[in-house]
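Written below as structure tokens is the structure these notes are about.
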Amino acid sequence: MANIYDTINQLEREIRDHEDYQGLKNAMEAVVKDEEAFALYNKFRQLQVDVQTKMQLGNEISQEEIKEAQDLEKEMAANETISKLLQAEKQLNQLVEEINKVVTEPIYEVYQKANEQKGDQA
């Protein structure tokens, strides 16, 4: 039986070699090289952190912050370099979701079987 950690390490290497990972890596490198795109990207990331922190602390998000986020999203969508990054993130995220689904399937089956057995007893 293969060591599960060997399998995980192999998966990690294959993800790094995957075209979706390479696409994300290349897109991020392009953002870093583009001063305007990088500044916009960092501004949006900081706003995300600020909003998440407020939410975790139970503080309300102001209309001003909502508008700022919406405006930044529009700016980012209009920026070709960032738009390519967002598309690359989406592509890689789909791959990660598929991997996660396969990896968690045995766990899901345990709970599903328990629910079915409990239903048979009712």
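The values are calculated or read from the model by the stated rules, or taken from the named source; none is laboratory data. The model shown is predicted, which means the values in this text are computed figures rather than measured ones. Heads up, the Cβs are rebuilt from the backbone with ideal geometry, glycines too, and the neighbour counts pull from every protein chain shown.
Consider only pairs whose beta carbons are under 9 Å apart and that are at least six residues apart or on different chains; among these, list those whose first residue lies in segment 33-52 and is among the small types (Gly, Ala, Ser) and whose second residue is assigned to a helix (DSSP H, G or I) and at pLDDT 95 or above.
ALA37/ALA30; ALA37/VAL31; ALA37/GLU80; ALA37/THR81; ALA37/ILE82; ALA37/LEU85
Go through segment 16-86 and tell me which helices (runs of 4 or more DSSP H), entirely inside it, have 2 or more residues that are under 19 Å from the mean Cα position of the chain (by Cα) and under 21 Å from VAL96 (Cβ atoms).
On the way: elements: 19-33, 35-56, 63-78.
Of the helices (runs of 4 or more DSSP H) lying wholly inside segment 16-86, those with at least 2 residues that are under 19 Å from the mean Cα position of the chain (by Cα) and under 21 Å from VAL96 (Cβ atoms) span 19-33, 35-56.
Looking for whichever is at pLDDT 90 or above, surrounded by fewer than 11 Cβ atoms within 10 Å (Cβ to Cβ) and of a type in the set (Lys, Arg) here; the options are LYS118, LYS43, LYS101. Which one fits?
Numbers: LYS118 fails: at pLDDT 90 or above; LYS43 fails: surrounded by fewer than 11 Cβ atoms within 10 Å (Cβ to Cβ).
Residue meeting the stated conditions: LYS101.
When you look at LYS67, is it of a type in the set (Lys, Arg), exposed (fewer than 11 other Cβ atoms within 10 Å of the Cβ) and at negative phi, yes or no?
Details: of a type in the set (Lys, Arg): yes; exposed (fewer than 11 other Cβ atoms within 10 Å of the Cβ): yes; at negative phi: yes.
In short, yes.
Quick one: is ALA2 aliphatic (A, V, I, L, M), loosely packed, with under 13 Cβ neighbours inside 10 Å and not in a helix (DSSP H, G or I)?
When the stated conditions are applied, ALA2 passes them.
What are the pairs, 6+ residues apart or on separate chains, where a residue within segment 55-81 that is in contact (Cβ under 8 Å) with a residue 40 or more places away in the chain has its Cβ under 8 Å from a residue that is surrounded by 10 or more Cβ atoms within 10 Å (Cβ to Cβ)?
Listed by first residue and then by second, the contacts come to ASN79/GLU36; ASN79/ALA37; ASN79/LEU40; THR81/ALA27; THR81/ALA30; THR81/VAL31; THR81/ASP34; THR81/ALA37.
Just to be sure I understand the filter: pairs with C-beta atoms under 9 Å, separated by 6 or more residues or on different chains, first member in segment 13-24 and farther than 15 Å from LYS84 by Cβ, second member exposed (fewer than 10 other Cβ atoms within 10 Å of the Cβ) and not hydrophobic (A, V, I, L, M, F, W, C). Which pairs pass?
Hits for this filter: zero, empty list.
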